[in-house]
Structure formats: structure tokens, C-alpha cells
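The values are calculated or read from the model by the stated rules, or taken from the named source; none is laboratory data. Since this is a predicted model, take the numbers as computed values, not measurements. Neighbour counts are summed over all protein chains in view; Cβ atoms, including those assigned to glycine, are modelled from backbone coordinates with ideal geometry. Only protein heavy atoms, including side chains, enter the accessible area calculation; ligands, DNA and RNA are left aside. Shrake-Rupley method; radii C 1.70, N 1.55, O 1.52, S 1.80 Å.
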Amino acid sequence: MPFTGQCRCGQVHVQLQADTLAPLYACHCLNCQRTSGSAFALHILCGERQVEISGDVLMYNHTHEGNTSTHFVCSLCFTRLFNDTTAAPGMRVLRAGILDGSERLTPMAHIWVKRKQPWVSLPEGVAQWQESPTPEAFASAMNTQG
Ligand SMILES: [Zn+2]
Ligand SMILES: [Zn+2]
């Protein structure tokens, strides 16, 4: 069963083809704070081909420390939808807040917690890293939490 989502204005619809949703994680880095205008961003890492879109999107590239990320936004309301990055070819980072029923999703991990806003308190026992974890460390934390 696909998971569905949309931008704020409803012009762009997103379908995520997956039986179960990949784990949700929160990124507290400064870039995520700036681009979201908020305290953190909610991400789901999925396969590029799992994500289908309908509607007009705009793209922009951002290069940082040798990696280029391509960000996809609604062409009308500029809702951020997802991004690809040369750091993880074939993967796509979906903004989880655009999904229908996102209230049922709980972050399984928090990254860049050294930038976390002081008023955000994390539940005990949830995986967290001061900066970005290695892909191996992230994957093993996701597996142990089911
Ligand atoms: Zn829109
Ligand atoms: Zn971030």
C-alpha cells in the first residue's frame, strides 16, 4: 500500500511505494533549521524510485563540502518535498511532514543534536548522534529498534 502526501496548496501529490515506512529521523542541524524555518526537520530515507510525484515541481541545487543535493519544491507554494544527494546516490530524503497521517510517525533517531534547540527534550533511549552518524551506525540503530 503506498503512502501519500501533498504540498500545502495541494498542487503536488506524492506517493511513496512501500509496504512499511522506513524509519523517521529528526535532523537538528543548522541547515535544516534555516531551510525549514523551524527547530528541526523530519526525514525519511527511501529509494529514489519509490517516490512518485504528480504536479509541477521546481528544483534547486545546493553544494556543500563536495556533495550536491537537489531539492524539490512545489512550483506554486514552495513546500519542500524531498531531496536527492550525491552523498547517497539512488536515495531520496523525503520531508515526512508532508505525508498524510504523519501524526502516527515518531522519530526513531535524532541527528546533529549538538545543534538541538535547548527547549527540545528527547525521549530517553532514542538513538541520537552529536553530528551525522555513519551509514553503518545509523542502519544498526534502526535495526535494533525494529
Ligand atoms: Zn503547493
Ligand atoms: Zn539537517
Checklist entry - If the Cβ limit is 6 Å and pairs must be 6+ apart or interchain, which residue in the range 29-45 that is under 20 Å from ARG104 (Cβ atoms) pairs with which residue that is within 16 Å of ligand 1 (Cβ to nearest atom)? => result LEU42/GLY97; ILE44/LEU94
Checklist entry - How many residues are open to solvent by 50 Å² or more (accessible area, probe 1.4 Å), within 16 Å of ligand 1 (Cβ to nearest atom) and assigned to a strand (DSSP E or B) when one looks only at the range 52-79? => result 5
Checklist entry - Restricting to the range 108-129, what's the tally of residues that are at pLDDT below 95 and either within 13 Å of ligand 2 (Cβ to nearest atom) or on the phi > 0 side of the Ramachandran plot (or both)? => result 1
Item to check | Selection from the range 80-97 of residues that are away from ligand 1 (no atom under 16 Å from the Cβ), within 29 Å of GLU124 (Cα to Cα) and open to solvent by 20 Å² or more (accessible area, probe 1.4 Å) | outcome: ARG92
Checklist entry - Within the set of pairs 6+ apart or on separate chains, which have a first residue in the range 70-95 that is over 16 Å from CYS7 (Cβ atoms), a second that is within 15 Å of ligand 2 (Cβ to nearest atom) and among the small types (Gly, Ala, Ser), and C-beta atoms under 8 Å apart? => result ASP84/SER69; THR85/SER69; THR86/SER69; ALA87/SER69
Item to check | Single unsatisfied condition, ASP100 versus (1) crowded, with 17+ Cβ neighbours inside 10 Å; (2) in contact with a strand residue (DSSP E or B) (Cβ under 6 Å, 6 or more places away or on another chain); (3) closer than 15 Å to GLY5 by Cβ | outcome: (1)
Checklist entry - Which residues, taken from the range 32-51, are over 15 Å from PHE82 (Cβ atoms) and either touching a Leu at 6+ places or on another chain (Cβ under 6 Å) or surrounded by fewer than 15 Cβ atoms within 10 Å (Cβ to Cβ) (or both)? => result ARG34, GLY37, SER38, ALA39
Next on the checklist: List pairs: first residue in the range 1-26 and on the phi < 0 side of the Ramachandran plot, second residue open to solvent by 70 Å² or more (accessible area, probe 1.4 Å) and of a type in the set (Ser, Thr, Tyr) anywhere in the structure, Cβ distance under 9 angstrom, at least six positions apart or on different chains.
Outcome noted: LEU24/THR106
Checklist entry - When the range 103-146 is examined, which residues are found to be in a loop (DSSP other than H, G, I, E, B), in contact with a Leu (Cβ under 9 Å, 6 or more places away or on another chain) and closer than 12 Å to PRO23 by Cα? => result LEU105, THR106, PRO107, MET108
Next on the checklist: Restricting to the range 1-51, name every residue that is at pLDDT below 95, polar (S, T, N, Q) and assigned to a loop (DSSP other than H, G, I, E, B).
Outcome noted: GLN17, THR20
Checklist outcome for this item: Of the residues in the range 104-124, those that are open to solvent by 60 Å² or more (accessible area, probe 1.4 Å) and either within 16 Å of ligand 1 (Cβ to nearest atom) or within 14 Å of TYR25 (Cα to Cα) (or both) number 4
